[in-house]
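Beneath this line is the structure, given in C-alpha cells, with notes to follow.
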Amino acid sequence: MTSLYQSRQVSWIMIGTVLVMGIFLAFILMNRTSEDPAWPAPVVLLLALPFSTMTVTVTREHVRIAFLPGLPRKTVPIGEIRTCEPYRAKGLQRFVTQIKPFRGEFVMGGTGGVVVVRHKGIPLTISDPEPEKLARAVVRAGAKPEQPPRT
C-alpha cells in the first residue's frame, strides 16, 4: 500500500498550552494543604498531548487521518469522495486547533487545508500545510488507472 501523499502537522499552540497549564498546575499542587488526591488534573493534561500531532495519508484505497500514537481516527474510502477542494485560512483561523471527529473537522491550524465532500453530502475538513498537493493526491487516487489499448 504505497502512499501518494503524506504529511505530518504539529500543533505547537496545543503543546504550549498544555505546558503552561502543567506548570501552573504544578505550582498549585505544590502549595496545597489538603490530602485530596491530585492525580486527575495532570492525567487530563497528558491525554491532550497525543492529539497535538496529526498525520494525513492518501493511498489509492483511502484517505486516513491518524494522531501521534498512529491510531487512525478517520478513514475515508476513495470511492466515497465526490469532491476535494482546497481552502485558505483567514485571520485568526490560522491559530485554531479543532478536532471534532463527529462533525468531520480535523484542523490543526496553519495556512489552510481541504474540504472533502463525500457522496452522502457530508463534508470533512482536513488542515494541511500544502492543501493543493493534498487535493491533487486525492483526485489522482480517485482516477481510474489507464488500461493499455487492446490490439
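Where a number appears in this text, it was derived from the coordinates with a stated rule and is not lab data. Worth saying up front: this structure is predicted, and the values here are computed from it rather than measured.
Among DSSP bridges having both ends in region 3-142, what percentage is antiparallel? Round to the nearest 5.
In region 3-142, approximately 95 percent of DSSP beta bridges are antiparallel ones.
Which whole-Hz couplings ³J(HN,Hα) result when phi for each residue of region 96-109 is put into the Karplus expression 6.51 cos²θ - 1.76 cosθ + 1.60, θ = phi - 60°, listed in order with x for Gly and Pro?
For region 96-109, the Karplus curve yields 8, 10, 10, 10, 10, x, 6, 9, x, 10, 10, 10, 10, x Hz.
Would you mind calculating the gained length between Ala48 and Val96 on full extension (0.36 nm times residue separation, minus the Cα-Cα distance), in nm to one decimal?
Values: separation 48, 0.36 × 48 = 17.28 nm, distance 1.51 nm.
Net length gain for the segment: 15.8 nm.
Given 10 Å bins starting at zero, what is the percent of C-alpha pairs of region 3-142 in each, up to the one with the largest pair distance?
So the P(r) values, bin by bin, are 12, 38, 26, 14, 8, 3, 0.
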